[in-house]
Amino acid sequence: MAATSGRAEIIGIERQLIKPGEDPRAQFQTRTGHMNFCWKTAICLYVVVIGPALAGDKWSDDFSTSELNRSLWSPCQINMDKAPIEFLHDPDDPGSQFARITVDINSLGGKKCRKEPPGPRITPLSAFSPPPDRPVEESDEPNLHGPSFNDTKTIPFAAVHTNGDPYCDSAIIQRALAAGEEGECIQRQELRFQSQYIHAADEPFTYKLRFRMPAVIQDTKNSVRWVIAQWKEEPISPVYEDPSPALAQRFDDGVLHVTVQDEDCRCRVASAPMPDGSIWPARPGVARDCISTRPSDPANTACTANLTVEYGADPVLPSPRGAWVDMQYRVQMSRSKAAAIEIYANGRFVARVTGKIGYEPAPGKIPQVKFKIGHYRDYLPSIDTMDIDRVEVERSD
């Protein structure tokens, strides 16, 4: 094993043992102080022997196999029974295979992430793991309605947020509640990285995504929320009621666009042409196209963000409707250190966003980046797909 490979494995192992958002030094303490280095080393070596290499400074997937790589991806928010991921060959490129994620009526009501108990292979790590007597449920959104969503009788019908979605009528809302999942009039079909593939939000990492969306989109007028990739920052201060992803790749109205958050102020910083062919105005300087995402503010309330945008010579994003698009993001989030989001499309520099990116951290915690790709949208009655050819992640300079 090469030295660099061994170092990457050990880095991944340490990341697995360190819980998201916690100080790494706190993981190896006893009542008498820090764990003896020999014991820490023995644990690391034992994990190397019994398991495969874990996350280091680079990981990727070209979806070239017939099954999902579950050591890399968690399908916990994919309906694998009624709308499973498909692996298809590209007729325009016989040597290429891609993953297809479909969103349809089976996705209504969202999908909570329920992780299965650890298997026998990682039993030695049980001291760091939750009790194995039941699945572990991970919630992405704050529980705004109090009791569990699994009991639909506890959710007031009128309390379901529709975000102005014209398709969320009473029958659809009732069906969303009956799903017993997130209790919202939404659809979710998202892949996420396994928990060991995380990094501190203020560490620079580059994400490369090659994907394609449907050529025909049913609704191009109602601006129904549709997120197709998101970078969430967790854990963050509890003062934020319903935080949006710090960085999001969106597809409302069938238009690819990118948004960046300064706390509860969301700014569109790049866009493909509008449905009527008009070009979104990319104006350098202080971000201007910004709206509040604070739940207490009325819809479309303007806000001022501490974000500055620099644009390339051609800042218009390509459309992924019926065509493959390569998007690249250099991601580094912080409100107290250097922070920047750089956006490239098909190898072309589009924009660089600097300023206060993301949210204040939870007290005593180190925010981590949780990446997800697929469909997260308010309800639409159409059946739509997202084809993903490749995802690459690598630490940046």
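The values are calculated or read from the model by the stated rules, or taken from the named source; none is laboratory data. Note that the structure is predicted; figures quoted are calculated from it, not measured. Note: ideal-geometry Cβ built from the backbone for every residue, glycine included; neighbour counts use all protein chains shown.
Before moving on, here are some points about what is shown:
- Scanning the range 70-90 for residues that are among the aliphatic types (A, V, I, L, M) and outside any loop (DSSP other than H, G, I, E, B) returns a single hit, L88.
- Restricted to strands (runs of 3 or more DSSP E) entirely inside the range 304-366, those with at least 2 residues that are at pLDDT 95 or above and under 14 Å from L256 (Cβ atoms) are 325-332, 340-345, 348-355.
- The criterion of at least 3 residues that are buried (at least 22 other Cβ atoms within 10 Å of the Cβ), modelled with pLDDT of 95 or more and of a type in the set (D, E, K, R) is met, among strands (runs of 3 or more DSSP E) falling completely within the range 175-263, by 186-193.
- Residue, surrounded by the most Cβ atoms within 10 Å (Cβ to Cβ), within the range 367-397, restricted to residues that are assigned to a loop (DSSP other than H, G, I, E, B) and out of contact with any Leu (no Cβ under 9 Å at 6 or more places or on another chain): P367
- The residue of the range 283-302 that is surrounded by the most Cβ atoms within 10 Å (Cβ to Cβ), among those that are outside any strand (DSSP E or B) and within 24 Å of the chain's Cα centre (by Cα), is A287.
- Taking first residues from the range 199-212 that are over 15 Å from E394 (Cβ atoms) and polar (S, T, N, Q) and partners that are modelled with pLDDT of 95 or more and surrounded by fewer than 20 Cβ atoms within 10 Å (Cβ to Cβ), no Cβ contact under 6 Å between residues at least 6 apart in sequence or on separate chains turns up.
- Residue within the range 323-343 that is more than 24 Å from H199 (Cα to Cα) and under 21 Å from the mean Cα position of the chain (by Cα) present: yes
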